[in-house]
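Each remark here refers to the structure printed beneath this line.
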Amino acid sequence: MSQTRTVVVTGGNRGIGLATAKRFAELGHRVAITARDPGHIDDQILAVSCDQTDSNAVDAAFEEIESNLGAVEILVANAGITRDQLMLRMSDDDFSAVIETNLTGSYRMARRAARPMLRARWGRLIFVSSVVGLLGSAGQVNYSASKAGLIGMARSMARELGSRNITANVLSPGPVETEMFAALTEEQQATITEQVPLNRVAQPEEIAETITFLASDSAAYITGAVIPIDGGLGMGH
Ligand code: NDP
């Protein structure tokens, strides 16, 4: 097994984030999750309240995590929201709220996480984007812009931080069976699933496996990558 590390998973109280946090805990790592309203997960996982649209809340969350688990070595920037609407009907608020949470919020978390990683000369930044960041999606100009933004951001971080042995990578999942997917109508779910060559949606645990691999020593030479886990939906994009 790779060395035991301190891990933070944003948006870790349900869905992909929760599956990821549990997998890291099973592998023996020290794990914290953040969410606006995290609740209690289990005794193995530190649940920290943090609205990542607020820089002060991000600083406070890191202080709480550091004092309980030590310096953060692995960040999984997974928290995200949707506010779907066709472009001509989308309000400024719908656009900016999604960018603020998904892109700027992930940036805030990564900027704060990078400081101790630089000192330790080891770190993993893992961003959960989406297949629609590269393919686009009608009704999701805000969401797809935020997810495409994560790619440029992670690649810039990979260049800035690589010489200090910090990698920055992006996952690009297709449809995953979580509350976010369940919020779509049955018709929307069926339309998306039909387009997936493997003809099914993913389970959150399937995304968690790739995230823990990227965090491991086996992935030490992977940085700036965008890794699709989408049943073939994006055909490598
Ligand atoms: P869920 O809707 O199940 O969970 C979203 C998580 O984000 C929750 O833990 C939520 O916690 C947290 N969150 C939302 N806003 C904030 C905020 N301002 N500050 C901190 N945490 C916040 O999503 P999924 O598990 O489905 O998705 C996880 C990630 O994967 C997202 O980034 C999503 O875009 C991406 N993704 C999902 C796909 C899918 O089909 N499900 C497909 C491709 C990508 P709380 O509400 O308590 O704050």
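The values are calculated or read from the model by the stated rules, or taken from the named source; none is laboratory data. Not measured: the values here are computed from a predicted model. Here Cβ is always computed from backbone atoms with ideal geometry, including for glycine, and neighbour counts include all displayed protein chains. Quick note on the areas: whole protein, heavy atoms, side chains included, nothing else; ligands and nucleic acids left out. Shrake-Rupley method; radii C 1.70, N 1.55, O 1.52, S 1.80 Å.
Name the single residue that is farthest from Asn78 (Cα to Cα) among those in region 13-64 being of a type in the set (Ser, Thr, Tyr) and either open to solvent by 30 Å² or more (accessible area, probe 1.4 Å) or over 15 Å from the mean Cα position of the chain (by Cα) (or both).
Initially, region 13-64 is screened for residues of a type in the set (Ser, Thr, Tyr), giving 20, 34, 49, 53, 55.
Pick out the ones that are also either open to solvent by 30 Å² or more (accessible area, probe 1.4 Å) or over 15 Å from the mean Cα position of the chain (by Cα) (or both) and you get 49, 53, 55.
Details: Ser49: 15, Thr53: 14, Ser55: 17 Å.
Top of the filtered list is Ser55.
Quickly run through region 197-230 and pick out the residues that are in a loop (DSSP other than H, G, I, E, B) and within 11 Å of the ligand (Cβ to nearest atom).
If the condition is that a residue be in a loop (DSSP other than H, G, I, E, B) and within 11 Å of the ligand (Cβ to nearest atom), then Val201, Gln203, Asp230 are the ones that fit.
Can you tell me which residues in region 1-57 are more than 9 Å from the ligand (Cβ to nearest atom), free of Cβ contacts under 8 Å to residues at least 24 places away in the same chain and assigned to a loop (DSSP other than H, G, I, E, B)?
His40, Asp43, Gln44
Scanning for something under 15 Å from the mean Cα position of the chain (by Cα) and modelled with pLDDT of 95 or more, does region 111-122 turn up at least one residue?
Yes, the conditions are met somewhere in region 111-122.
Pairs please, first residue from region 112-138 and more than 21 Å from Val226 (Cβ to Cβ), second anywhere and among the charged types (D, E, K, R), Cβ atoms under 6 Å, 6+ apart in sequence or on different chains.
Listed pairs, sorted by first residue: Leu118/Arg164; Arg121/Arg164.
Could you count how many residues in region 60-107 are under 23 Å from Ala215 (Cα atoms) and not hydroxyl-bearing (Ser, Thr, Tyr)?
Summing the residues that are under 23 Å from Ala215 (Cα atoms) and not hydroxyl-bearing (Ser, Thr, Tyr) in region 60-107 gives 22.
So which of Leu88, Leu103, Leu135 is within 13 Å of the chain's Cα centre (by Cα), hydrophobic (A, V, I, L, M, F, W, C) and open to solvent by 30 Å² or more (accessible area, probe 1.4 Å)?
Only one candidate passes the filter, namely Leu103.
Would you confirm, using the coordinates I've provided, whether Val98 is in a strand (DSSP E or B), among the β-branched types (Val, Ile, Thr) and within 15 Å of the ligand (Cβ to nearest atom)? Before you say what the answer is, go through the steps one by one.
Working: in a strand (DSSP E or B): no; among the β-branched types (Val, Ile, Thr): yes; within 15 Å of the ligand (Cβ to nearest atom): yes.
Judged against the criteria, Val98 is not a match.
Within region 138-161, work out how many residues are open to solvent by 30 Å² or more (accessible area, probe 1.4 Å) and either out of contact with any strand residue (DSSP E or B) (no Cβ under 8 Å at 6 or more places or on another chain) or over 29 Å from Ser216 (Cα atoms) (or both).
8
Going through region 152-191 one residue at a time, which ones are among the aliphatic types (A, V, I, L, M), in contact (Cβ under 8 Å) with a residue 40 or more places away in the chain and either in contact with a helix residue (DSSP H, G or I) (Cβ under 7 Å, 6 or more places away or on another chain) or within 12 Å of the ligand (Cβ to nearest atom) (or both)?
Met153, Met157, Leu161, Ile166, Ala168, Val170, Leu171, Val176, Met180, Ala183
Considering every residue within region 111-120, establish whether at least one is touching an Asp or Glu at 6+ places or on another chain (Cβ under 8 Å), among the basic types (Lys, Arg) and farther than 17 Å from Leu233 by Cα.
Yes, region 111-120 contains a residue that is touching an Asp or Glu at 6+ places or on another chain (Cβ under 8 Å), among the basic types (Lys, Arg) and farther than 17 Å from Leu233 by Cα.
Just wondering, is there one or more residues in region 104-121 that are away from the ligand (no atom under 16 Å from the Cβ), outside any helix (DSSP H, G or I) and touching a helix residue (DSSP H, G or I) at 6+ places or on another chain (Cβ under 9 Å)?
yes
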